[in-house]
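Student: Just passing along the structure, written as structure tokens.
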Amino acid sequence: MDTDVIIVGAGPTGLMLACELALAGVRTRIIERRTAPHPHSRALTLHPRSVEILDLRGLAPRFLAHGRPVPGWHYAALPTPLDFAALDTRHGYTLAIPQARTEALLEERARELGVRISRGLRLTALTQDADGVTCSVRTGDGGRGDEGEGEVGRAPLRARYVVGCDGGRSPVREAAGIAFPGSDETLTGVLGDFADLDADPDALRRLRAAGGLAVPLEDGLTRIVLIDPERMRTPSAEPVTTDEFRACLNRLCGSDLGIGEPYWSSRFGNATRLAERYRAGRVLIAGDAAHIHFPAGGQGLNTGLQDAFNLGWKLAADIRGWAPPGLLDSYDAERRPVGRAVTDNTAVQTLLAELTLVPPYADPAVALRALLDELLGLPEVNRLLAGRVSALATRYPLDGDAPAGRRLPDIALTVAGSSARRAHELFHEGHFVLLDLTGRPSGGGPDEPAHPRLTHATVTAHDPHEDLDGVTELLVRPDGHIAWATRTADPRPRAAERAAALAAAIDTGRG
């Protein structure tokens, strides 16, 4: 067997998954058809839950050093912003960071962990059997393997599992026979990155009122994103021209903003599809290979990172031999409903934009948007939608009483025999974490592992959380979601309950 896992695609999803697998000691190789990282950034943001999962692995400071926190976000470009700061997180903001930078930082981490990355290598076919997957590959011009490996040959590659993180047209998904039902595009928009704009404030306000965006980027560039009613049926395959951009801007805001030739431009559409399953035997898919949608709310890249974070520890458990049948299937059971929720909410946001643009619907659609904007002013409604877009509201259907299935809040705590810390610091190794919230020493060392895949800490919490009210002990999965909790105060039945939970959650993989 050449390796344990071959990941097809070196985008954010594939790189995050590679980091998770390598952290768990799994031999991992990425193959990528491009000979070099893509220099342009389709996505520009990391939402709160994505920053949290990076924090769980000690990586958030790297990203914060290169990003810019944005205090609010939007739903369907309505005037009233989503208030991420009101949510239960230390990272109540959107981190503005170009996708190319996100990929570079994740690749840096993957290489630190020993992941092999082979570029210029295209998957042409795959077959699977009871023991693994054989990948037929073709070397493109200039295709090379890892440093010092030299030219990559065309011999088939073999792995125990293959994961397709290779985009909406995923060859892995197609080769595995996974259907990708949904709707074709009916609406398109354009984006372009420009230097030296004439940033007339009145024109920019008119652009925002027309549903367009002007977003500052690195290196003095500004991204312009817009949907022109006269061009919104143009197929996404048609290239964008500078003349088209100028004409669209003049129609929407009365000025072309002094744009020159774009550094990069693209047309994007609202094709929306969700894979009928995320696993076919030894082949799995994640990110855009599993779900595509209009980029409303900037949720695509973030959903892919969170797919990878859910899958990584489960696939590692299977490969390392401690996960029974059923654990790997829980990836589909937990993440496909999230994919459905994202495709649904982006479709709603896209419809709100489209109805505003198309007569004779424009007037009632404007009234509808005004009503929804008024509702967004209600704190309960704002929190509901902010929780969905940020992914902080994601809860998995785990057995057991609340708060099972929810993400662990990043509470401040003191570990017995140690200094004050935050909960995320206990997850840097990617283990299960058993938290005794009573603060009473349990006999052994406070951080002495009770299990090779478990970090055990007796702690005192300093910022009590309503989800943890009365909880005396809880078991948290490597992805930060609570597998089990008890409110039993007596240590004797609590110990028996703990033993049963550990057996269920770790040794049988059901947590």
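Student: Which angle between 0 and 90 degrees, to the nearest 10, do you get for helix 362-376 versus the longest principal axis of the chain when only C-alpha atoms count?
Tutor: Approximately 30 degrees, to the nearest 10.
Student: Fewest Cβ neighbours within 10 Å first, please rank C248, C253 accordingly.
Tutor: C253, C248
Student: A further question follows. Determine the shape class of the range 188-269: with a ≥ b ≥ c the square roots of the Cα gyration tensor eigenvalues, call it rounded for a/c under 1.5, and otherwise prolate if a/b is greater than b/c, oblate otherwise.
Tutor: Since a/c reaches 1.5 but b/c is at least a/b, the shape of the range 188-269 is classed as oblate.
Student: If you don't mind, another one. Relative to the Cα centre, what is the charge dipole magnitude of the chain, using +1 at the beta carbon of each Lys and Arg, -1 at the beta carbon of each Asp and Glu, and rounding to the nearest 20 debye?
Tutor: Its charge dipole is roughly 900 debye.
Student: By the gyration tensor of its Cα atoms, with a ≥ b ≥ c the square roots of the eigenvalues, what is the shape of the range 343-408: rounded for a/c under 1.5, prolate for a/b over b/c, or oblate?
Tutor: prolate
Student: So what's the range 1-72 giving for Rg/Rh, alpha carbon basis, Kirkwood Rh from the mean inverse pair distance?
Tutor: Rg/Rh for the range 1-72 comes to 1.02.
Student: Tell me the angle of helix 379-390 to the major Cα principal axis of the chain, expressed in degrees between 0 and 90 and rounded to the nearest ten.
Tutor: Value to nearest ten degrees: 80.
Student: Something else about it: Rounding to the nearest 10 and keeping the result within 0 to 90°, find how far the Cα-based axis of helix 300-320 lies from the longest principal axis of the chain.
Tutor: Once rounded, one gets 30 degrees.
Student: Right, next: If you take the square roots of the eigenvalues of the alpha-carbon gyration tensor of the range 238-367 and sort them as a ≥ b ≥ c, do you get rounded (a/c under 1.5), prolate (a/b over b/c) or oblate?
Tutor: prolate
Student: At 7 Å along the Cα-to-beta-carbon direction for both D131 and D469, put a label point, then send me their distance in nm to one decimal.
Tutor: If labels sit at D131 and D469, their model points lie 5.7 nm apart.
Student: Taking 0.36 nm per residue of separation and subtracting the Cα-Cα distance, what length does fully extending V381 through A85 add?
Tutor: 105.1 nm
Student: Listing R282, R277, R340 from the residue with the fewest other Cβ atoms within 10 Å to the one with the most, what is the order? Don't jump to the answer; show the numbers that get you there.
Tutor: Numbers: R282 21, R277 16, R340 12.
By the 10 Å Cβ count, ascending, the order reads R340, R277, R282.
Student: Obtain the radius of gyration and the Kirkwood radius of the chain from its C-alpha atoms and give Rg over Rh.
Tutor: Using Cα coordinates only, the ratio equals 0.98.
Values in this text are rule-based calculations from the coordinates and carry no lab data. On a predicted model such as this, the values are computed, not experimentally measured, just so you know. As a convention, Cβ positions derive from the backbone with ideal geometry for all residues, glycine included, and neighbour counts pool all protein chains shown.
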